[in-house]
Amino acid sequence: MSDFLLSILLGVVEGLTEFLPVSSTAHLRIVEAVLHLDLHDPYWKMYTIVIQLGAILALPVYFWNRLLKFVATFPRGENGDRNVFTHPLSLTLIAYVITAVPAFLLKKQIGQNLENLWVMAWALLLGGVIMWLVDALCRNPRTLRMEEMSLPQAAWIGFAQIASAVFPGTSRSMSTIAGGQLAGLARGAALEFSFFLSMPTMLVATGYDLLKTFRHSGDETGLAPLVMTTHNWIVLIIGATVSFIVALGVVAWFMNWVRARGFVPFAIYRIILAAIVFALLIRGVI
């Protein structure tokens, strides 16, 4: 497969799975294993970080008007009933900090799990079962809009997201959506908060990875390539662009789908995918 086709494929996979509750990390690792790629190669390692940034950019573009409204109404909120600790922007930051601190302390364990497809398969399976049960049981939400969220609800979602950081395959979206529903949020509110929480979480995580990349670009342990050819730049731009376009479409579609249909189809998909990965692992194919 040519680098251009591979870049399009990886960009589509990243864009499709980054914000759906199915784990983009697991999908990229599965593609890597099935196609016998080496995404730990210095160039491709940097490439996977950049295409994730492309997907991240879809969120502020899609939610631009909402972001401007939140900034304009900070800290009192649109109805004047919020404060500096309960405004949606503050709740997003609080949930992020609750997730980020333990994730940073456990980064060694996280790195080990990223290499383990068995961990990802189990995370896909258990996450699918949990999502199915939560969506079936949480039918009477008390919080219909993100603007109505409380500090304890945001804190709980932050704790729920820790699982996705420690166990790749769990999915940030799955953790925050299921956590939100358990805390009393409606599907739409849980999904929207999941998207907002993804912005600082993913931006800092990918920014940190890029910083490590460029900081060590001149030694043997660094991730960045020493030389970027025209070919390398074109492949990188293709992947980031495809990832952004696909992710933007997915976010718009997913918001509409969830309000009407829920998360059960994604739970079923996770369980089926986990079964396939287990079968491939047992047979030694991946």
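FYI, it's all coordinate maths here, none of it is from the lab. No experiment lies behind these values; they were computed from the predicted model shown. Cβ sites come from the backbone with ideal geometry, for glycine too, and all protein chains shown count toward neighbours.
Modelled spin labels at ASN65 and VAL204, positioned 7 Å past Cα toward Cβ, are 3.0 nm from each other. Against the main long axis of the alpha-carbon atoms of the chain, helix 230-261 sits at an angle near 30°. Each Lys and Arg contributes +1 and each Asp and Glu -1, all at the Cβ; summed about the Cα centre of the chain, the dipole is approximately 740 debye.
Which aspartates and glutamates does LYS108 reach when only Cα atoms under 15 Å apart count, and residues fewer than 8 places away in its own chain are ignored? Within the straight-line cut-off, LYS108 pairs with ASP209.
Residues with beta-carbon under 13 Å from that of TRP253, excluding TRP253: net charge, scoring Lys, Arg +1 and Asp, Glu -1?
Numbers: positive: ARG259, ARG261; negative: none.
Combined, the nearby Lys, Arg, Asp and Glu give +2.
Relative contact order, percent, of segment 37-163 when contacts are C-alpha pairs under 8 Å separated by at least 6 residues? Relative contact order for segment 37-163 comes out at 30 percent. Using C-alpha pairs below 8 Å separated by at least 6 residues, the relative contact order for segment 162-209 is 27 percent. Between the helical axis of 264-283 and the longest alpha-carbon principal axis of the chain there is an angle of about 30 degrees. Taking 28 Å as the straight-line reach from the Cα of LYS107, the lysines in range (excluding those fewer than 8 positions away in the same chain) are LYS45, LYS212.
When GluC sites (Glu not before Pro) are flagged only if DSSP places them in a loop and at most 16 other Cβ atoms lie within 10 Å, the longest unflagged stretch of the chain comes out as 116-219. Local charge sum around ARG76 (other residues, Cβ-Cβ under 14 Å, Lys/Arg +1, Asp/Glu -1)? So the environment of ARG76 carries a net charge of -1. Within the straight-line cut-off of under 16 Å between alpha carbons, the aspartates and glutamates reachable from LYS69 are GLU78, ASP81, GLU147, GLU148, GLU192, sequence neighbours fewer than 8 places apart in one chain being disregarded. So if I take the centroid of the Cα atoms in segment 57-131 and the same for segment 241-284, what is the distance between those two points in Å? The distance from the Cα centre of segment 57-131 to that of segment 241-284 comes to 19 Å.
One chain, two ends: SER150 and LEU39. Fully extended at 0.36 nm per residue, the span grows by 35.9 nm beyond their Cα-Cα distance.
Using Cα-Cα distances under 8 Å and only pairs 6 or more residues apart, what relative contact order does the chain have, in percent?
35 percent
With a cut-off of 15 Å between beta carbons, the residues surrounding LEU57 carry a summed charge of -2, where Lys and Arg count +1 and Asp and Glu -1.
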